[in-house]
1. Find the residue count for the range B:307-345, including only residues that are within 15 Å of B:ILE254 (Cα to Cα) and surrounded by fewer than 18 Cβ atoms within 10 Å (Cβ to Cβ).
2. Considering each of B:ILE254, B:ILE299 in turn, give the residue that is within 30 Å of B:THR342 (Cβ to Cβ), modelled with pLDDT of 95 or more, of a type in the set (Val, Ile, Thr) and not in a helix (DSSP H, G or I).
3. Just to check your reading of the model, which residue among B:ALA411, B:ALA430 is over 17 Å from the mean Cα position of the chain (by Cα) and either of a type in the set (Gly, Ala, Ser) or assigned by the TED database to the domain that holds B:VAL326 (or both)?
4. So which residues in the range A:32-50 are surrounded by fewer than 21 Cβ atoms within 10 Å (Cβ to Cβ) and either of a type in the set (Asp, Glu) or more than 14 Å from A:GLU79 (Cβ to Cβ) (or both)?
5. Just for the range A:151-167: of the residues that are within 14 Å of chain B (Cβ to nearest Cβ) and either buried (at least 19 other Cβ atoms within 10 Å of the Cβ) or touching a strand residue (DSSP E or B) at 6+ places or on another chain (Cβ under 8 Å) (or both), which one is farthest from A:PHE234 (Cα to Cα)?
6. Write out, first by first residue and then by second, each pair whose Cβ atoms fall under 7 Å of each other, whose residues are 6+ apart or on separate chains, and whose first residue, in the range B:367-384, is farther than 10 Å from B:ALA348 by Cβ while the second is at pLDDT below 95.
7. Only one of B:SER97, B:SER115 is closer than 23 Å to B:ALA411 by Cα and either small (Gly, Ala, Ser) or not assigned by the TED database to the domain that holds B:GLY187 (or both); which?
8. Please go through the range B:161-176 and give me each residue that is closer than 12 Å to B:VAL248 by Cβ and surrounded by 13 or more Cβ atoms within 10 Å (Cβ to Cβ), ordered by number.
Amino acid sequence: AENEPPWGMPCTQLLVFVATPGCDGFPSLDSKESYKLSVLEGSLLLSADAVWGALRGLETFSQLVGRDENGTYYINKTEIVDFPRFPHRGLLLDTSRHYLPLRAILETLDVMAYNKFNVFHWHIVDDPSFPYESLTFPELSKQGAFNAMTHVYTASDVQTVIEYARLRGIRVIAEFDTPGHTLSWGPGAPGLLTPCYLGKDPSGTYGPINPILNSTYQFVTSLFQEVSAVFPDFFLHLGGDEVDFTCWKSNPKIRVFMKEMGFGEDYKKLESFYIQRLLDIVSSLGKGYIVWQEVFDNGVKVRPDTIIHVWKENSIPYMEEMANVTKAGYRALLSAPWYLNRISYGQDWMAAYQVEPLKFEGVPEQKDRVIGGEACMWGEYVDVTNLAPRLW
Amino acid sequence: RYYEYMFGQSRRRKRGRRPLGARAEPELSQLQVVIESRDPGCQSYPHLASSEAYHLTVTEPVAILKADEVWGALRGLETFSQLVHEDDYGSFLVNESEIDDFPRFAHRGILLDTSRHYLPLKSILTNLDAMAFNKFNVLHWHIVDDQSFPYQSIYFPELSDKGAYSYNHIYTPTDVHLVIEYARLRGIRVVPEFDTPGHTQSWGKGQKDLLTPCYNGEQPSGSFGPVNPILNTTYDFMTKFFKEISSVFPDAYIHLGGDEVNFDCWKSNPEVKEFMKQQGFGIDYAKLESYYIQKILDIVSSYNKGYIVWQEVFDNKAQLKPDTVVQVWMENNYAHELSSVTGAGFTAILAAPWYLDYISYGQDWKKYYSIEPLDFPGSEKQKKLLIGGEACLWGEFVDATNLTPRLWPRASAVGERLWSSRNVTNLQDAYKRLTNHRCRMLRRGVAAEPVFVGYCPHEAR
């Protein structure tokens, strides 16, 4: 008939059915993100086990809606059964090399939702600046932020991020990277970092966290007590990458300690000594942890449920590392081929797309231990002016 | 607008009396701008020979900016605005200074490509602002190409009707005039490029029979190649088209392109092959290319415009008028090319090492900064023929979402190289000033990307 639109019945409602709501909870590694979408004449139904699946289905539904030349919205008849291949699909942002205003982080969370990412890995502090306003240690950001008034994340800011993420089914995993990458911690926590030496005298510069002092572990305990309470996710990222041993080696008290502990000249053992104590502290706070691959590579004793984050492209080919990590029984996260900060000319999305995370020699149980990966946007050359177009 | 730039972002914009008890410090109350020439140029357009020199004396109570022409005053005003800084208490300070400045090279350009991606007017205008902050003085507007034809022609409206991405992706005559005037007020010349005979796929949509039909054996294949050089209609079209361009764009120069002409299509076309025989060109299609180019150059000359061409036109031995400007863009051995071009007596512009669309990880501004344009074998006379250079931002991967951070502050390195003296080469010093300058551009509304780790004190929260 003349008045009938060519596409069929008007659809006015999408019914969303969630079996086990949990709308007030936080997403976790075990969250169910599967959903079914049924688009039929006169009936639009989105059903999921958990609200997290409903969110993913809603995103899909929104992408199916088209608009014709007359401005009419339409959707094709379709049946979709969907679920993620990997449960940990993350994005790393670095707010230390450059401060990122709240709106930049929130905008990123929006776009993550459009792309079904579910983990925001917040590399919140590092060498250049300490923008995290700590309740327990306010001096850390007072002395360590680029500007303690304007370039900090207040407790309220952090909660805003966590809630904004939650509403999009995104977990927020904070990374407080130690013992390296901690220069900005020094000004606000005197005595925390190792004083480097030039011969017999302190040179005036500082190195990684000082692993031989009890005060270090008291500090770490208190800080992570706070961090564990502030960030609701079960996991914390503890870093552990790129520890430069030069400063430790130069410090006479540390050399004495090495002798006392029978570590010889192997500073990896000292690093492990620190990391092990850190992991015990965090464990006792009821959190699980993710660490960069060096922690595994250097033979640190970690809990069996530790997640190892593979990031090095070449020291051994990363697929070999994935095989080694999973063979040793640990779960693995892949980032090595997805350092999006390493820009190059042309359609580099293709190289990222063609990575096959399970392309390594191993038994099925090993492959099951690969829980996903993360695209990383390190901040050396990135701030709010170029973050979004560089990432997406 | 310079008042805004200098004082605009201050939260405490107190004018008038100093607080009681304040120290009696020397105060600058006025910047006097004096333009010496009888014809200052305020109503005219900047050109290659414009004087951009200025003399700036900053002293209490009145600073004086002297320039021959208004273009020098603009450059001096930019410098003055960079001397003024705000202290932690909100006071604006400027050091006593005496500056005598003029550009090393007269042609300091930025190439924007609005064919691979349409650039909204706002994007172009913001870019002109940024150019002024960096003393660039030429906008090389690569306005059309294979992918789209956004230029709305008055004589040939079908060109954009059929060739633009959509009717929303067009530059109307009003838009074009706006760009030209906005640029003029900043001492920036707008040199349009209508690149032919290659790079013209989008022209064929709105102009039937302009492009060469390619052949598959005896049959037309359905696809088209470069502009068809053997038809009179081609030259009738070009005559009329360039008449319009010559009147729309006031600059003395038009860029005619002439790069990357693929001969395959011409070679496949039986009529073209026949023409080659008649002309005695043998199988040397470079001769056919030159034949075409020469006719276009003559057409454009007849409208009293000078022209710039890409290096292939020179390389393929077209007969060029002595005042042709050749733009060197091929990276391989460009120093050698500069020698050849200037050795043959032609004026040259250097773009080859400054293709800013070729992004890479890290502080690549350093490599752009370290280029020395005159590092090519040649006599003093030859070196004088290198009139400047251009930072090019081709548009394959660029549109309004990423243009500004991709171009700035990387192009600033090129800007300094083209303005400052040959011996201003210290990278550490440049780094300090560049990071400062980047923060300045941010304050002025240009979203330049960071140089390295750090922060700008006045960043928005």
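The values are calculated or read from the model by the stated rules, or taken from the named source; none is laboratory data. Just so it is clear, the structure is predicted and the values come from calculations on it, not from any experiment. Note: ideal-geometry Cβ built from the backbone for every residue, glycine included; neighbour counts use all protein chains shown.
1. Here the count works out to 2.
2. Details: B:ILE299 fails: not in a helix (DSSP H, G or I).
So the residue among B:ILE254, B:ILE299 that is within 30 Å of B:THR342 (Cβ to Cβ), modelled with pLDDT of 95 or more, of a type in the set (Val, Ile, Thr) and not in a helix (DSSP H, G or I) is B:ILE254.
3. Details: B:ALA411 fails: over 17 Å from the mean Cα position of the chain (by Cα).
The unique qualifying residue is B:ALA430.
4. Residues satisfying the conditions are A:LYS32, A:SER34, A:GLU41, A:GLY42, A:ASP49.
5. To start, the set of residues in the range A:151-167 that are within 14 Å of chain B (Cβ to nearest Cβ) comprises A:151-154, A:156-157, A:160.
Retained after the next criterion (residues that are either buried (at least 19 other Cβ atoms within 10 Å of the Cβ) or touching a strand residue (DSSP E or B) at 6+ places or on another chain (Cβ under 8 Å) (or both)): A:151-153.
Working: A:HIS151: 27, A:VAL152: 24, A:TYR153: 21 Å.
Among those that are within 14 Å of chain B (Cβ to nearest Cβ) and either buried (at least 19 other Cβ atoms within 10 Å of the Cβ) or touching a strand residue (DSSP E or B) at 6+ places or on another chain (Cβ under 8 Å) (or both), it is A:HIS151.
6. Partner pairs satisfying both residue conditions: none exist.
7. Values: B:SER97 fails: closer than 23 Å to B:ALA411 by Cα.
Being closer than 23 Å to B:ALA411 by Cα and either small (Gly, Ala, Ser) or not assigned by the TED database to the domain that holds B:GLY187 (or both) holds for just one of B:SER97, B:SER115, which is B:SER115.
8. In the first step, residues of the range B:161-176 are kept if they are closer than 12 Å to B:VAL248 by Cβ; the result is B:171-176.
Once the filter is applied, which keeps residues that are closer than 12 Å to B:VAL248 by Cβ and surrounded by 13 or more Cβ atoms within 10 Å (Cβ to Cβ), the range B:161-176 yields B:TYR171, B:THR172, B:PRO173, B:ASP175, B:VAL176.
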